[in-house]
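The values are calculated or read from the model by the stated rules, or taken from the named source; none is laboratory data. Owing to the predicted nature of the structure, the values given are computational and were not obtained by experimental measurement. In this analysis, Cβ positions are derived from the backbone assuming ideal geometry, glycine residues included, and neighbour counts consider all displayed protein chains. Heads up: the accessible areas ignore ligands, DNA and RNA and are worked out on the full protein's heavy atoms, side chains in. Shrake-Rupley method; radii C 1.70, N 1.55, O 1.52, S 1.80 Å.
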Amino acid sequence: QVQVVESGGGLVHSGGSLRLSCAASGRIFSIHAMGWYRQAPGKRRELVAGITSDGITNYADSVKGRFTISRDNAKNTVYLQMNSLKPEDTDVYYCKADITIHTAMLRSDYWGQGTQVTVTS
């Protein structure tokens, strides 16, 4: 009933930039917090950046000053602008959205399928 789709990943050299997008669609009543996570093979998925419905943001220490999260509530979309990328930022990036759907007003977390970000030195 809800789809969350990321886009914008790719290959970039160290110091470069990428912008990730994540759009939610379907029988959405409201979207609460949205966030970006990343996961390397064999490692736990970790929070990169989050944003509430009111626009309050939080970041992992490793990306503060380099990454910026934003959202467009009219488009049910969250963005992650990534600047000054480093090889250690290489991961699969996932979007998560906390959504209440029309059906019985159920509230759940919905995840996207992930998008690969590769930063070469």
Those residues of segment 31-48 which are touching a strand residue (DSSP E or B) at 6+ places or on another chain (Cβ under 7 Å) and either of a type outside the set (D, E, K, R) or open to solvent by less than 50 Å² (accessible area, probe 1.4 Å) (or both) amount to Ile31, His32, Ala33, Met34, Gly35, Trp36, Tyr37, Arg38, Gln39, Ala40, Leu47, Val48
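Quick one: in segment 50-80, of everything that is farther than 29 Å from His13 by Cα and free of Cβ contacts under 8 Å to residues at least 12 places away in the same chain, which residue is nearest to the chain's Cα centre (by Cα)? Can you show your working first?
Here is the first cut: in segment 50-80, the ones farther than 29 Å from His13 by Cα are 52-56, 73-76.
Now restrict to residues that are free of Cβ contacts under 8 Å to residues at least 12 places away in the same chain: 54, 56, 74.
Numbers: Asp54: 17, Ile56: 15, Ala74: 17 Å.
Once the filter is applied, the top-ranked residue is Ile56.
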Filter segment 1-30 for residues that are under 11 Å from Val78 (Cβ atoms) and not polar (S, T, N, Q); the one that is surrounded by the fewest Cβ atoms within 10 Å (Cβ to Cβ) is Ala23
Within segment 74-92, how many residues turn out to be under 16 Å from Ala49 (Cβ atoms) and polar (S, T, N, Q)? 4
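Consider Ser25 carefully, then state whether it is touching a residue at least 12 places away in the same chain (Cβ under 8 Å) and either over 14 Å from Val117 (Cα atoms) or in contact with a helix residue (DSSP H, G or I) (Cβ under 9 Å, 6 or more places away or on another chain) (or both).
Details: touching a residue at least 12 places away in the same chain (Cβ under 8 Å): yes; either over 14 Å from Val117 (Cα atoms) or in contact with a helix residue (DSSP H, G or I) (Cβ under 9 Å, 6 or more places away or on another chain) (or both): yes.
Yes: the conditions hold for Ser25.
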Under 7 Å by Cβ, and 6 or more places apart or on different chains, what pairs join a residue from segment 81-104 that is open to solvent by less than 10 Å² (accessible area, probe 1.4 Å) with one that is of a type in the set (Gly, Ala, Ser) and in a loop (DSSP other than H, G, I, E, B)? Met82/Ser17; Leu85/Ser14; Leu85/Gly15; Leu85/Gly16; Leu85/Ser17; Tyr93/Gly9; Tyr93/Gly114; Cys95/Gly112
Do any strands (runs of 3 or more DSSP E) lying entirely in segment 79-121 carry at least 2 residues that are within 21 Å of His32 (Cβ to Cβ), and which ones are they? 91-101, 107-111
